[in-house]
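The values are calculated or read from the model by the stated rules, or taken from the named source; none is laboratory data. Computed from a prediction, not measured in an experiment: that's the story for all the values here. Every residue, glycine as well, gets a Cβ built from its backbone with ideal geometry; the counts of neighbours run over all protein chains shown. In case anyone asks, the SASA skips ligands and DNA or RNA and just uses the protein heavy atoms, side chains included. Shrake-Rupley method; radii C 1.70, N 1.55, O 1.52, S 1.80 Å.
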Amino acid sequence: SDPIHRSKNRGREFYQLANAAKKISLLTKADAERLKRNWAYMLAQTRGQPFEVFVRAAEAALLHHFNIHSHCDEKWCRAKKWSEEEQSKYRLQYWNLPEDEGIYRQCRAIHDKYTSEEELRKLYHDFNTNATESFHSFLTTKFCPKHLNLCGTKCGEGRLYMAVGIITLGYEEYCSKL
């Protein structure tokens with residue numbers, strides 16, 4: 001499956017938790033953004049790594065937010081390098097267990113849906129859909145706007161072929177071959 005879309009779906013669930021009433025959840029929008037960003041960074045940084053590293057990093061994407069750095073990599077986690085004094089000084093930058101157990105359980109429930117071995121195996125590949133998404137955006141903004149119904153028409157087909165030609169060859173080469 002597509003890691004970018006998985007990241008967006010996972011992030012959306014955290015944002016829904018952040019938008020809930022305070023008696024339901026204390027998660028903030030900033031927390032939701034950090035949890036989404038941690039996951040996206042994890043996906044990007046573990047590309048090409050062994051599956052065990054990928055699994056460990058997936059766990060770190062949540063635990064890091066709760067000041068648990070045992071799964072973090074020293075390359076990106078500043079907290080692993082902190083002295084005892086710095087740890088107590090910067091402690092308030094994170095949610096902390098056990099005092100924030102309720103919010104941790106809510107986040108853990110979302111996190112667990114995306115981190116079973118089966119779900120992680122679906123994400124463990126080197127492919128993404130950036131090129132496809134870029135082409136779709138190019139096609140719908142420049143050649144076949146969504147407000148026009150060009151489906152099944154010769155005009156729509158011609159516009160599609162033109163867009164494919166430009167994406168494949170580049171604008172100048174496409175125009176010179178015409």
Quick one: if the Förster radius is 41 Å, what FRET efficiency do Lys122 and Glu173 give, using the C-beta to C-beta distance and rounding to 0.05?
-> 0.65
Apply the Karplus parameterisation 6.51 cos²θ - 1.76 cosθ + 1.60, with θ equal to phi minus 60°, to every residue of segment 80-90 and state each ³J(HN,Hα) to the nearest whole Hz, in sequence, with x for glycine and proline.
-> 5, 9, 6, 7, 4, 5, 5, 4, 6, 5, 9
Excluding ligands, DNA and RNA, what is the solvent-accessible area per residue of the chain at a probe of 1.4 Å, expressed in Å²?
-> 65
Label segment 69-160 by shape, choosing from rounded, prolate and oblate, from the square roots a ≥ b ≥ c of the eigenvalues of the Cα gyration tensor; if a/c is under 1.5 it is rounded, and otherwise prolate applies when a/b is larger than b/c, oblate when it is not.
-> prolate
Return one number: the angle in degrees, 0 to 90 and rounded to the nearest 10, between the long axis of the Cα atoms of helix 51-63 and the longest principal axis of the Cα atoms of the chain.
-> 70
Out of His111, Gly11, Gly156 - ranked by how far each Cα lies towards the positive end of the dipole of the chain, with unit charges on the beta-carbon of charged residues - the top one is Gly156
Comparing Trp39, Trp82, Trp95, which has the greatest mean-square fluctuation in the GNM of the chain with Cα pairs linked when under 10 Å apart?
-> Trp82
Which value does Rg/Rh take for the chain over its C-alpha atoms, Rh per Kirkwood?
-> 1.13
Highest-fluctuation residue, Ala131, Ala60, Ala32 considered, GNM on the chain with Cα pairs under 10 Å | Ala131
Helix-derived mean residue ellipticity, 222 nm - over the chain, DSSP H n ≥ 4, -39500 (n - 2.57), to 500 = -18500 deg cm²/dmol
Given unit charges at Cβ for Lys, Arg (+) and Asp, Glu (-), the dipole magnitude of segment 1-96 about its Cα centre in debye, nearest 20, is 380
The chain - Cys residues lacking any other Cys C-beta under 4.7 Å = Cys107, Cys144, Cys151, Cys155, Cys175
What does the charge count near Ile110 come to, summing +1 for each Lys or Arg and -1 for each Asp or Glu among other residues with Cβ under 13 Å from its Cβ?
-> +3
Note: segment 26-106 at 10 °C, 1.306 mPa s; Kirkwood Rh on alpha carbon pairs; Stokes-Einstein D in µm²/s works out to 119
Have a look at Ile166, His147, Ala131 and report the one farthest towards the positive end of the charge dipole of segment 106-178, computed about the Cα centre with Cβ charges (Lys/Arg +1, Asp/Glu -1).
-> His147
When each of Lys8/Lys113; Lys36/Lys89; Lys29/Lys142; Lys8/Lys29 is checked by Cα-Cα distance, pairs over 22 Å = Lys36/Lys89; Lys29/Lys142
Accessible surface of the chain, 1.4 Å probe, proportion on carbon and sulfur as whole % = 54
